1. Could you say whether any residue in region 163-181 is free of Cβ contacts under 8 Å to residues at least 60 places away in the same chain and more than 24 Å from Arg28 (Cβ to Cβ)?
2. Is it fair to say Arg53 is among the basic types (Lys, Arg), over 23 Å from Trp224 (Cα atoms) and surrounded by 17 or more Cβ atoms within 10 Å (Cβ to Cβ)?
3. If we keep just the residues of region 69-82 that are surrounded by fewer than 16 Cβ atoms within 10 Å (Cβ to Cβ) and touching a helix residue (DSSP H, G or I) at 6+ places or on another chain (Cβ under 8 Å), which is nearest to Arg112 (Cα to Cα)?
4. Can you tell me how many residues within region 109-121 are open to solvent by less than 70 Å² (accessible area, probe 1.4 Å) and out of contact with any Ser or Thr (no Cβ under 6 Å at 6 or more places or on another chain)?
5. So the check is Cβ under 8 Å with 6+ separation or different chains; which pairs have a first residue in region 9-36 that's aromatic (Phe, Trp, Tyr) and a second one that's open to solvent by 80 Å² or more (accessible area, probe 1.4 Å) and assigned to a helix (DSSP H, G or I)?
6. I'm trying to understand the selection: among the residues of region 141-170, which are open to solvent by less than 40 Å² (accessible area, probe 1.4 Å), in a helix (DSSP H, G or I) and not hydroxyl-bearing (Ser, Thr, Tyr)?
7. Select, from Phe330, Phe307, the only residue that is in a helix (DSSP H, G or I), at pLDDT below 90 and aromatic (Phe, Trp, Tyr).
8. Mind checking which helices (runs of 4 or more DSSP H) fall wholly inside region 47-116 and carry at least 1 residues that are farther than 30 Å from Trp138 by Cβ and not polar (S, T, N, Q)?
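The values are calculated or read from the model by the stated rules, or taken from the named source; none is laboratory data. In this text, all values refer to a predicted model and were calculated from it rather than measured experimentally. Cβ placement follows ideal geometry from the backbone for every residue including glycine, while neighbour counts extend to all protein chains displayed. Ligands, DNA and RNA are excluded from the accessible area calculation, which covers all protein heavy atoms including side chains. Shrake-Rupley method; radii C 1.70, N 1.55, O 1.52, S 1.80 Å.
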Amino acid sequence: MFQTLYSYFWWERLWLPANLTWADLEDRDGRVYAKASDLYITLPLAFLFLVVRHLFETYVATPLAGLLNVKEKIRLKATPNAVLEKFYAATTKHPKQADVEMLSKKSGCTVRQVERWFRRRRNQDRPSLLKKFREASWRFTFYLIAFIAGMAVIVDKPWFYDLREVWKGYPIQSMLPSQYWYYMIELSFYWSLLFSIASDVKRKDFKEQIIHHVATIILISFSWFANYIRAGTLIMALHDSSDYLLESAKMFNYAGWRNTCNNIFIIFAAVFIITRLVILPFWIMHCTVFYPLDLYPAFFGYYFFNFMMVVLQSLHIFWAYLIIRMAQKFITGKVVEDERSDREETDNSEEEEEAAKNGPLSNGHPVLNNNHRKTD
């Protein structure tokens, strides 16, 4: 049964154009071609990335945070309360007003004390500023190095300047050592991101991040199987071109360098929109959708690859919407904030006194003004 599934999965009509077989991509005359077995190395490399990341965050990012004066806010701890803790862990972290009143009676606390307890308890679970800085530093370092390496791999190639060269001779296109390592490192890194996503800082777009990582892994793997390597290197370098800017903006934000953060963010927003909403759909996707049809009839691999590109492009549009919202805040004089993360909830007597004057509370905030902004 396994052999039958294996033969169906690697059926040549799924992966290659008509009249071509896997035999056509066998190494010969000193020319080396991509093979599915090459990707086995990415899993151990992914775990190696996790080890390197731990060492980097401990011995590089942490001292750097000290140099940049990254300071953690003092968080007031919630006093131990078995009734409230049980509700917090088993039911919800954000109780409704009726739940707050019910818990007040059960725990013997006042309504305001229950609201304050949940506010402090939620803050305890939020990741520390140092954790956020360390993660951003690691991603910044990788994306910057990957972008430089990616440009070095493709800048001297003819298909970097003429996209029709991407398909010249396809699929009989031999692989260069630089392309091999660029693919292996990029794919290994995204595997490591997927493995660590549960322990990393969780953002509002957590589900979208998972979809993005899975779609990226599938795209990179499939482009390797089907020998779409030239197109794949262009797409990976294009994505890395803006990612390191976002991570550097986060680092300066955590360090309190607001003006530097805002300036870098504006550059990032411009690069992101140009690369993801202009170059990718109107150049790269045009290249992958239309140019191949001049050489061979459409086949499953052609449809699958472009479908996954559409999935990625949809995510880009979603993130561009968030970026534009943040850019609008910047233009109107508000602080640029990451729309994907929760803000630290304040816990002071002045807020509570003002809230008491304004009317009933919901989780420590006035019911009619409970739209919290998000920040990173």
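1. no
2. So Arg53 fits the description; yes.
3. The residue in question is Thr79.
4. 8
5. Trp15/Phe300
6. Phe142, Ala146, Gly150, Val153, Ile154, Trp159, Leu163, Val166, Trp167
7. Result of the check over Phe330, Phe307: Phe330.
8. In region 47-116, the matching helices (runs of 4 or more DSSP H) lie at 82-90, 97-107.
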